[in-house]
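Here the structure is laid out as structure tokens; the discussion comes afterwards.
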Amino acid sequence: MTTQALAPSTQQADTESLAAPADELIHDCFTLLDHRTRGRAVSPGLARRGPYLAFAEGGHTQLVPLGQKITHIGRGVGSDVRFEDVRVSRSHAIIVRHGRYARLLDNRSANGTLVNGRRIVATNITHGDDIQLGPVVMQYVEIG
């Protein structure tokens, strides 16, 4: 009887190939935002009630408000939260808010979307969830 090595499942292989290695993750990614998005950011002490994306900036946190029901995140000019990094797709992900709930959808991005380290196509997100778009890491925050 011969022993054969089993290949990992397709889903596991896809997840591993899309997830950026830990040393390539960009946690301090506020500077990758375009000037329009950075201009809307506020410090946590000045934030009003509502949903935000939290970005690290040199040891501090900056919050970008999610004022619309649908927020497009990506590198494209029409994105509501726009990154200036080629590893983020033009239309990478979408956050859809309905009442108290928020849902994150991957928009067929090249480098994948992860929530709390797990690859997603669509999932509900809640306060404190880590969102990773390619190598860029941010957090979903609800100020109440």
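Nothing in this text is a laboratory measurement; each read-out follows from the coordinates by a stated rule. Just so we're clear, the structure is a prediction, and the values are computed from it rather than from any experiment. Methodologically, a virtual Cβ is constructed for each residue, glycine included, from the backbone with ideal geometry; neighbour enumeration extends over all protein chains shown.
Ellipsoid fit via the Cα gyration tensor, the stretch 41-144: semi-axes of 20, 16, 13 Å, each the root of five times an eigenvalue, largest first.
Using alpha carbons only, the radius of gyration of the stretch 72-115 set against its Kirkwood radius gives Rg/Rh = 0.99. Simple spin-label estimate for I143 and D130 gives 2.4 nm between the two label positions (7 Å along the Cα-to-Cβ direction from each Cα).
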